[in-house]
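The values are calculated or read from the model by the stated rules, or taken from the named source; none is laboratory data. Please read all numbers here as calculations on a predicted model, not as lab measurements. A quick note on method: Cβ atoms are made from the backbone with ideal geometry, for glycine too, and the neighbour counts reach across all protein chains shown. For accessibility, only protein heavy atoms count, side chains too; no ligands or nucleic acids. Shrake-Rupley method; radii C 1.70, N 1.55, O 1.52, S 1.80 Å.
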Amino acid sequence: MVTTTEITPKLQVKDLTIRYGSHTALSGVSLEVMPNEIFSIIGPANAGKTSFLKVLNRMDTFNSEMKYDGKIFFNGLDTRHLRNHYALRRRIGVVFPLPVGLPMTVYENVALSPRLRGINNKAELDVIVERCLQRAALWDEVKDRLDSLGSLLSGGQQQRLTIARALSQEPELLVLDEFSIAVDPVTTMRIEEVLKELKEEMTIILVTNLVQQARRLADRTAFFLNGECVEMGITEALFSGEAKDQRTIDYIEGRFG
Amino acid sequence: MTTQSNQLASFDQRDKEWYIDKAIQIIVFMSGISAILFVVGIFAFVTMEGFGFLLKDFSISEFLLSPWWEPTDEDEPTYGILALVAGTASVTGLAMLVAVPFSLGAAIYIGEFASGKKREYLKILIELLAAIPSVVWGFIGLTIMNPLIIAVFDVPVGLNVLNAGIILGLMAAPIMTSIAEDALKAVPDRYREAAEALGATRWQVIYKTVLPAAKNGLLGAVLLGVGRGFGETMAVLMATGHAINIPGSVFDPVRALTATIAAELGETAVGSTHYEALFTIGIFLFLITFIINLTADLIVRGIRKQ
Ligand SMILES: Nc1ncnc2c1ncn2[C@@H]1O[C@H](COP(=O)(O)OP(=O)(O)OP(=O)(O)O)[C@@H](O)[C@H]1O
Ligand SMILES: [Mg+2]
């Protein structure tokens, strides 16, 4: 694949290896994600997908066991020896596979990140909160209970709350880890529509268990298996029989494990 | 057919497991009940001992509003606890001013910043501090704090509200730290990670997420400290100066409710008015502690309901 040299990739990963203690979760992965692209990662459990996402915004610092080798560039900047992790994290929105409604009101959950950026004007916050909840397809359900605790919403609602919270960061890179795991199919489709629109504004990395979701949304797709990146390419090409590796074909066609 | 009727029979038959279960339920129930009975029994005893006084010489306005506690006055004994309440309240108040920042700070450091070995050692150290007997604290008040206060503030006596407040604060801080740290630990890590992923700094995570999530437990820790302040006797007896006085400054000596009972009960004749009046102070302490605990409970419940 030829990358145009003028555009700096949003994300550049070179020879990334991730270890937990002596256990290797991911080895030798290199890839690039271009601005305003939806890049999806598919693969079965234990593939190392979540581990991969964790190092992108340096969440590896939470876990003293977790170490990585290789280089990661965000906007061309090496993220290993950052002076300020917090600034990097503010620019990357992350949606975890298990929803975490923070123990504050629905409103505050979404207003937290803007507040951290220094936005304290109520009217301004109101606008951001409503827009983000709209986009996460949650507004209609919670607009009358913005003052109730976020951690008391249903699982699927909390999942969309975390999406709204990630959007409230106005991130350059949005990272979603199996977001549809706790969300019903209809809502999933609504969020997928929103992701297609968001692509105009940001870059999206989508880890998904639903192979068809990758096909519907992603420009390019990578297939991870047991800590390796087996294959990577234009999504449509991979799905229309141009995949080179037999394991990719098997996985895409659902003939796996 | 037979298996079915066998099964029916076994549903209708109490076996060994059923009886063991029942027996354990009864034993647990009895021990639970006996704890309650003890408390009620003690309350009944204290009330009965103080009852004579309540019936005869007791005047509620004198008791609560008079600053004169002169039970041994030959002509006209007075039984006012206002000064004693002021003594206890001022010492406890100062103790909380000392203990709350210390223990919250320590709990946040241990729970949120220290890691690995350092954390474990600190926790052991805190537990050790919490186990120091109160008479030792009183001793420290007498022999270290007293001359220190005299030297630093240039006052004639160093046994006063300041001394007792600091001693009591230091004494309450370890247990408050321990409970506050438990409260912080009870906040799930996923909240911290979610907040950090938003780009919140460590302090923002603590301030915006961890402390609000732990506020019930933290409040519990503080109220436990207050309860401890009201109930503490020995250290307070030794460090306050034990002089009946409504304090005008932290350098005034005072006397605490508990210390009064401890110091005087041995010298009174059982059944005398003085003896009964001391028990009435006991009832009063009982009620105060009860009210503190009840408010704590209601506040915590109220918070939980939101
Ligand atoms: N916190 C951790 N400590 C130790 N090992 C871990 C940790 N998290 C993940 N691993 C290991 O890393 C490997 C990859 O896990 P990872 O969560 O990245 O897989 P995944 O592709 O996201 O799987 P899934 O589809 O089930 O979410 C696994 O072998 C797992 O045991
Ligand atoms: Mg995963």
Total charge dipole magnitude, the protein assembly as shown, about the Cα centre, Cβ charges on Lys, Arg, Asp, Glu only, Debye to nearest 20: 1780
Using just the alpha carbons, could you tell me how many Å³ per residue the convex hull of chain A encloses? 136
Express the carbon and sulfur contribution to the solvent-accessible surface of chain B as a percent, rounded to the nearest whole number, probe 1.4 angstrom. 68
Charge-dipole axis of region B:1-144 as Lys and Arg at +1 and Asp and Glu at -1 on Cβ define it, positive-most pick from B:F45, B:L94, B:S10: B:S10
Apply 1/(1 + (r/R0)^6) to the Cβ-Cβ distance of A:E124 and B:V39, taking R0 = 41 Å, and write down the FRET efficiency to the nearest 0.05. 0.15
With the solvent-accessible surface defined on protein heavy atoms using a 1.4 Å probe, which residues belonging to region A:62-92 display a reduction of at least 50 Å² in accessible area in the multichain context relative to the isolated chain? A:F62, A:Y86
Of the residues A:L153, A:T188, A:Y68, the Cα lying farthest along the dipole of chain A towards its positive end, which is defined by charges on the beta carbon of Lys, Arg, Asp and Glu, belongs to A:Y68
Starting from the Cα gyration tensor of region A:1-110, multiply each eigenvalue by 5, take the square root, and state the resulting semi-axes largest first in whole Å. 23, 19, 15
Binned at 20 Å starting from 0, the alpha-carbon pair-distance distribution of the protein assembly as shown in whole percents comes out as 17, 34, 27, 18, 4, 0
Over region A:167-234, what percent of the accessible surface lies on carbon and sulfur atoms, probe 1.4 Å? 50
Under the 0.36 nm per residue contour assumption, what length would be gained going from the current alpha-carbon distance of A:S240 and A:K143 to full extension? 30.7 nm
Karplus (6.51, -1.76, 1.60) ³J(HN,Hα), θ = phi - 60°, over region B:278-290, in Hz, Gly and Pro reported as x: 4, 5, 5, 4, x, 4, 4, 4, 4, 5, 4, 4, 4
Stretchable slack from B:F139 to B:A263, in nm (0.36 nm times residue separation minus alpha-carbon distance): 43.0 nm
Taking Cα atoms, how many degrees apart are the long axis of helix A:155-168 and the longest axis of chain A, rounded to 10 and kept between 0 and 90? 90
A:R216 to B:K123: FRET efficiency via 1/(1 + (r/R0)^6), r the Cβ-Cβ distance, R0 56 Å, to the nearest 0.05? 0.60
Using the heavy atoms of the protein chains and a 1.4 angstrom probe, tell me the accessible area per residue for region B:69-305 in square angstrom. 46
For the cross-link pairs B:K117/B:K185; B:K118/B:K185; A:K54/A:K244; A:K14/A:K54; A:K10/A:K71, which exceed 19 Å when the distance is taken from alpha carbon to alpha carbon? A:K54/A:K244
Assigning unit charges at the beta carbon (Lys, Arg +1; Asp, Glu -1) and nothing else, what dipole magnitude in debye, to the nearest 20, does region B:69-305 show about its Cα centre? 1660
Total Å² of accessible surface buried at the A-B contact, 1.4 Å probe, nearest 100? 1700
When the Cα centres of region A:171-219 and region A:1-73 are compared, how far apart do they sit, in Å? 18
Point-charge dipole on Cβ atoms (K/R +1, D/E -1) for region A:117-257, about Cα centre, debye to 20: 160
Calculate, in whole percent, how much of the Cα-Cα pair population of region B:172-235 lies beyond 13 Å. 64
Please compute the modelled spin-label separation between B:I132 and B:D297, points set 7 Å along Cα→Cβ, answer in nm with one decimal. 3.3
If we count GluC sites (Glu not before Pro) as exposed when they sit in a DSSP loop and have at most 12 other beta carbons within 10 Å, what is the longest stretch of chain A that avoids them all? A:66-199
Quick check: the angle from helix A:106-116's long axis to the longest principal axis of chain A, C-alpha only, nearest 10 degrees? 70
Residue among B:F230, B:P212, B:P253 farthest towards the positive dipole end of region B:69-305, charges placed on Cβ: B:P212
Gyration tensor verdict on chain B (Cα atoms; rounded if a/c is under 1.5, prolate if a/b is larger than b/c, oblate otherwise): oblate
Relative to the longest principal axis of chain A, what angle (0 to 90°, nearest 10) does the C-alpha long axis of helix A:122-135 take? 40
